[in-house]
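Each remark here refers to the structure printed beneath this line.
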Amino acid sequence: MRIELSDTLVLRSLRETDARPLHALIEANRAHLTPWMPWAAAQTPAATEGFVRSAIRQERDRDGYQLVLVEGGELCGVVGFHRIDHENASTSVGYWLAADRQGRGLMTRAVAALVEHGFNELGMYRIELRAAPANERSRALAERLGFREEGLLRGAERFGSEFRDLILYAKLASDPR
């Protein structure tokens, strides 16, 4: 899959050759990612390779999509649909962006494009987004894109030995776009 966002910004499917540069990006952003991403603190090169292989398999099986965000030829983040529930035409979106690329609307554009692809090309009816209550940037992105806050999911995400709450947002194909 490939979605052109501008002359210099593209979302594209992961490739096996992305494993090393993706892991280098994670290493460079570990402190930035760790408060929000349970996997970030302990991510290893082998785990990143496994993620890339899993993403390729997931896309082949039409069970989800993990896309890299590439700006000017450099990987700068990941956005994707976790799993696709074809029976209920629903999925959830997740994303992360390198710290030095924040504040320019890159992830808003990427998530907006993927959500539209989900509705228009994949036939999704419901797309969920979950964010930590304190993750103001992620919550603002959801609201900018017209996701509606539906409630608090208590203890919904494991972070090491503790369970953290998440805010559930959703957007329906029938919502105004």
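The values are calculated or read from the model by the stated rules, or taken from the named source; none is laboratory data. In this text the structure is predicted, and so the values were computed from the model without any measurement. Here the Cβ is made from the backbone with ideal geometry for all residues, glycine too, and neighbour counts use every protein chain on show. Surface areas here come from the heavy atoms of the whole protein model, side chains and all, with no ligands, DNA or RNA. Shrake-Rupley method; radii C 1.70, N 1.55, O 1.52, S 1.80 Å.
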Q. So, in the stretch 127-145, of the ones that are buried (at least 18 other Cβ atoms within 10 Å of the Cβ) and aliphatic (A, V, I, L, M), which residue ends up nearest to residue 103 (Cα to Cα)?
A. 141
Q: Those residues that are open to solvent by 50 Å² or more (accessible area, probe 1.4 Å), free of Cβ contacts under 8 Å to residues at least 40 places away in the same chain and among the basic types (Lys, Arg), I need them from the stretch 12-69; list them, please.
A: 20, 53, 57, 60, 62
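Rundown of residues vs (1) modelled with pLDDT of 95 or more; (2) of a type in the set (Gly, Ala, Ser), yes/no style:
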{"position": "101", "(1), (2)": "yes, no"}
{"position": "109", "(1), (2)": "yes, no"}
{"position": "116", "(1), (2)": "yes, no"}
{"position": "136", "(1), (2)": "yes, no"}
{"position": "145", "(1), (2)": "yes, no"}
{"position": "149", "(1), (2)": "yes, no"}
{"position": "160", "(1), (2)": "no, yes"}
{"position": "174", "(1), (2)": "yes, yes"}
Q. Filter the stretch 146-169 for residues that are touching a strand residue (DSSP E or B) at 6+ places or on another chain (Cβ under 8 Å) and of a type in the set (Phe, Trp, Tyr); which is most open to solvent (accessible area, probe 1.4 Å)?
A. 163
Q. In the stretch 1-55, which residue that is outside any loop (DSSP other than H, G, I, E, B) and basic (Lys, Arg) is farthest from residue 131 (Cα to Cα)?
A. 20
**Q.** Only listed residue being more than 19 Å from residue 113 (Cβ to Cβ) and exposed (fewer than 13 other Cβ atoms within 10 Å of the Cβ), chosen from 2, 83
**A.** 83
